[in-house]
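J.: Before anything else, here's the structure in question.
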Amino acid sequence: MFHLTKDPLALAALRQAASHSHAGAVVVFEGTVRNHHEGREVLRLEYEGHAPVAEKEGRRIVEDAVKRFGLDHAQAMHRVGRLEIEESAVIVVVSAPHRAEAFDACRFIIDEIKHRLPIWKKEFYTDGTSAWVGCEGCRQGHQH
Amino acid sequence: MSAPLHGLLLAGGKSRRMGTDKAELVVEGNLSLRDRGLQILRRVTTSAQLSIAADDTRPYESTTVRDLREDAGPLAGLEAAFQLDPNAAWLVMACDLPFLTESVLEDLIARRDPACDVTCFTSRFDGKPEPLCTIYEPSAAAPLTAALDNEIRCARKFLSAVRRHELSLPEETALDNCNRPEDLAEARLSLSEGRTTKTITVEFCGPLQEAAGTASAEIETQSSTAAGLWEELRMAHHFSLELEAIRVAINEEFQPWTHPLAHRDRVALFPPFAGG
C-alpha cells in the first residue's frame, strides 16, 4: 500500500488499481518536480529515503486513512534517487463511495507523508550549487 | 606559592532546556545536584560558595555569590567570585555534572599548575578545554572582566584565549552534563545500571550523511540511551543540529530519545524530513 521506488512512478497502473465497484469517486494527487524554489532556478532533485522505516510508517498512514475515511482503496508511492523537472515525486490514489471522503483522505495521506516519513530532498540549482531542503541547520561546522 | 583555592558551584543558570531548575534535581541518592555539588566542593577546597543569578531572591543555607551582571552566563558567576576574593584561585564546577566525583576534583587539584591562568580537563567528545570543572587562578580575573565587557558569554571561547594547563580526564564520563530531560534520563540510567560498552550500527541519513562523511558506522559506546549516543556523535562530528531537530529509529522503529540502547542495536538518525 506504500512503497519507495527508484523507478519512474506508473500513474496509469496506480489509477487502474483504484477502480472499485463500490466506489463513486477516485482522487489522485501527483506531486511533481518544479523548476523553482524560493526564487532560485532548480535544475533537478535528488530524494533519499530510509526505506525500511519509510515503508513501514507509510503503510501505517495509508491503513489509517482507509479506516478513518472508510475508503475502498488507497495506495501511495514515493520516488527516490535522481528526478528531472516535471517528473512525479509522489503519487497518492484513493477511492471511496463519495467525493468528500476521497478528497479529504487524499489530502490527509500526502500531508502525513510530508510530516512523518524519513525522506530528504536535495535541490540542484542552475548556478551549479545544491542544498538540502528544510535542513538549513544540517551543515557542518558549529562555532560559538 | 599557590593561591588558596575556593570552590564555586554554578547554579545561576536558566535551565531553559530542562524546563525546571537543574540545581534542584535529584539524579542519584537523595541529594539535589546543588547539595551534592556543594558537598563535594567543601571536601576539596577551603570553602565553597554557591553562585546564583543576579535576580535570584530565594533563601539558601549555604553562602552565596550573586552575579553582578544579568543573564551573562557562567563567566558572570566567576567574575562575582573574583570580586569577593581576587587573591584566591576558584575551582568552578557546574551543578549539572552528576558523574563528577570528589576523586576527579582531587586529581585536578593535584595536577594544578598555578603558573597558568587555568588548570582544566579536555572534553572526551571533542578534545577542547572544558571550562566548568576548572581551576581559575587570580591571573584569570583581568582577562575575564575584559571578555565580559566585550560581550563574550561563551566560557569555552574565553578559555581558548588564556594560558591553560590541560589535563585528560581520569574518568572518561566525569563531565557528561544534563541540559535536557533526555540527558537526565541518560544520567539516571547510567548511574543506576552502570555503563556498559555496546557495539552500535549508526546510520547517518540524508543531509547528516554529508556532515558525517559516511552513511553508516559501527561504533563502540558507553551511552545508555539514544540521547547519550546522539550527544557523543553531535560533538564528535560537529553537527550543528540539536536533539530537538532530529528523530531516531532503533532497529527500524521510531523511538523516543530516552529509549535504552542494547548491544548490536541499529540506530538511524533522521534530520528534518522533506518528502512529498
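J.: Is it fair to say residue A:55 is within 14 Å of another protein chain (Cβ to nearest Cβ), without any contact (Cβ under 8 Å) to a residue 60 or more places away in the chain and surrounded by fewer than 15 Cβ atoms within 10 Å (Cβ to Cβ)? Reasoning before the result, please.
T.: Working: within 14 Å of another protein chain (Cβ to nearest Cβ): yes; without any contact (Cβ under 8 Å) to a residue 60 or more places away in the chain: yes; surrounded by fewer than 15 Cβ atoms within 10 Å (Cβ to Cβ): no.
Here the answer is no, as residue A:55 does not meet what is asked.
J.: Would you mention how many residues in segment B:141-173 are under 26 Å from residue B:107 (Cα atoms), out of contact with any Asp or Glu (no Cβ under 9 Å at 6 or more places or on another chain) and part of a loop (DSSP other than H, G, I, E, B)?
T.: 5
J.: A further question on this structure: Looking at (1) at pLDDT below 95; (2) crowded, with 19+ Cβ neighbours inside 10 Å, which is the one condition that is false for residue B:268?
T.: For residue B:268, the exception is condition (1).
J.: To continue, here is another question. Based on this model, can you work out whether residue B:35 counts as buried (at least 23 other Cβ atoms within 10 Å of the Cβ) and closer than 25 Å to residue B:176 by Cα?
T.: Values: buried (at least 23 other Cβ atoms within 10 Å of the Cβ): no; closer than 25 Å to residue B:176 by Cα: yes.
Here the answer is no, as residue B:35 does not meet what is asked.
J.: Can you tell me which condition residue A:114 does not meet? The list is (1) touching a residue at least 24 places away in the same chain (Cβ under 8 Å); (2) surrounded by 14 or more Cβ atoms within 10 Å (Cβ to Cβ); (3) under 14 Å from the mean Cα position of the chain (by Cα), and all the others hold.
T.: So residue A:114 meets the others, but not (1).
J.: Next up: Is it the case that segment B:87-95 has a residue that's more than 21 Å from the chain's Cα centre (by Cα), crowded, with 18+ Cβ neighbours inside 10 Å, at negative phi and aliphatic (A, V, I, L, M)? Give the derivation first.
T.: Our first condition is that a residue be more than 21 Å from the chain's Cα centre (by Cα); within segment B:87-95, this holds for B:87-88.
Going one step further and asking which of them are crowded, with 18+ Cβ neighbours inside 10 Å, we end up with B:88.
Cutting the leftovers down to at negative phi gives us B:88.
Applying the additional criterion that residues be aliphatic (A, V, I, L, M) yields B:88.
Yes, that holds for at least one residue.
J.: Additional query: Name the strands (runs of 3 or more DSSP E) wholly inside segment A:68-140 in which the number of residues that are more than 14 Å from chain B (Cβ to nearest Cβ) is 3 or more.
T.: Working: elements: A:73-79, A:81-84, A:88-96, A:119-125, A:130-132.
Here the list reads A:73-79, A:88-96.
J.: Here are some residues: B:145, B:201, B:173. Which one is more than 30 Å from residue B:75 (Cβ to Cβ) and among the hydroxyl-bearing types (Ser, Thr, Tyr)?
T.: Numbers: B:145 fails: more than 30 Å from residue B:75 (Cβ to Cβ); B:173 fails: more than 30 Å from residue B:75 (Cβ to Cβ).
Only one candidate passes the filter, namely B:201.
J.: Okay, moving on. Could you tell me which residue of segment B:157-178 is surrounded by the fewest Cβ atoms within 10 Å (Cβ to Cβ), considering only residues that are within 23 Å of residue B:228 (Cα to Cα) and in contact with a strand residue (DSSP E or B) (Cβ under 7 Å, 6 or more places away or on another chain)? Step through it out loud before you land on a result.
T.: Going residue by residue through segment B:157-178, those that are within 23 Å of residue B:228 (Cα to Cα) are B:168-178.
Now restrict to residues that are in contact with a strand residue (DSSP E or B) (Cβ under 7 Å, 6 or more places away or on another chain): B:168-169, B:175, B:177.
On the way: B:168: 9, B:169: 18, B:175: 21, B:177: 18.
Once the filter is applied, the top-ranked residue is B:168.
J.: If only one of B:212, B:274, B:226 is more than 24 Å from residue B:27 (Cβ to Cβ), buried (at least 16 other Cβ atoms within 10 Å of the Cβ) and under 25 Å from the mean Cα position of the chain (by Cα), which one is it? Steps first, please.
T.: On the way: B:274 fails: under 25 Å from the mean Cα position of the chain (by Cα); B:226 fails: more than 24 Å from residue B:27 (Cβ to Cβ).
Going through B:212, B:274, B:226 in turn, just one is more than 24 Å from residue B:27 (Cβ to Cβ), buried (at least 16 other Cβ atoms within 10 Å of the Cβ) and under 25 Å from the mean Cα position of the chain (by Cα): B:212.
J.: Just to be sure, is residue B:169 modelled with pLDDT of 95 or more, under 24 Å from the mean Cα position of the chain (by Cα), away from chain A (no Cβ under 14 Å) and under 22 Å from residue B:123 (Cβ atoms)?
T.: Here the answer is yes, as residue B:169 does meet what is asked.
J.: In addition: With without any contact (Cβ under 8 Å) to a residue 24 or more places away in the chain, outside the structural domain of residue B:133 (by TED's automatic domain parsing) and part of a strand (DSSP E or B) as the only criterion, which of B:203, B:218, B:210 stands out? If you could, list the steps in order and put the result at the bottom.
T.: Details: B:203 fails: without any contact (Cβ under 8 Å) to a residue 24 or more places away in the chain; B:210 fails: part of a strand (DSSP E or B).
Within the list B:203, B:218, B:210, the selection yields B:218.
J.: Another one. Inside segment A:65-89, can you point out the residues that are touching a residue at least 40 places away in the same chain (Cβ under 8 Å) and among the charged types (D, E, K, R)?
T.: Listed by number, the residues that qualify are A:68, A:72, A:79, A:84, A:86, A:87.
J.: Take segment B:127-140 and flag every residue that is part of a helix (DSSP H, G or I) and either at pLDDT below 95 or in contact with a Pro (Cβ under 7 Å, 6 or more places away or on another chain) (or both).
T.: Passing the criteria: only B:138.
J.: May I ask you to list pairs of residues, at least six apart or on different chains, whose Cβ atoms are under 6 Å apart, with the first in segment B:223-251 being within 13 Å of chain A (Cβ to nearest Cβ) and the second being in a helix (DSSP H, G or I) and surrounded by fewer than 20 Cβ atoms within 10 Å (Cβ to Cβ)?
T.: Pairs that qualify, where the first residue is within 13 Å of chain A (Cβ to nearest Cβ) and the partner is in a helix (DSSP H, G or I) and surrounded by fewer than 20 Cβ atoms within 10 Å (Cβ to Cβ), are B:240/A:137; B:241/A:137.
J.: For segment B:95-126, give me the residue count where each residue is part of a strand (DSSP E or B) and in contact with a helix residue (DSSP H, G or I) (Cβ under 8 Å, 6 or more places away or on another chain). Give the derivation first.
T.: Step one: list which residues in segment B:95-126 are part of a strand (DSSP E or B), which gives B:118-122.
From what's left, in contact with a helix residue (DSSP H, G or I) (Cβ under 8 Å, 6 or more places away or on another chain): B:118-121.
The total comes to 4.
J.: Filter segment A:38-52 for residues that are within 14 Å of chain B (Cβ to nearest Cβ) and in contact (Cβ under 8 Å) with a residue 24 or more places away in the chain and give the result. Write out each step before concluding.
T.: At the first step, the residues of segment A:38-52 found to be within 14 Å of chain B (Cβ to nearest Cβ) are A:38, A:42, A:45-52.
Listed by number, the residues that qualify are A:42, A:45, A:46, A:47, A:48, A:49, A:50, A:51.
The values are calculated or read from the model by the stated rules, or taken from the named source; none is laboratory data. Quick caveat: nothing in here was measured; it's all calculated off a predicted structure. Here the Cβ is made from the backbone with ideal geometry for all residues, glycine too, and neighbour counts use every protein chain on show.
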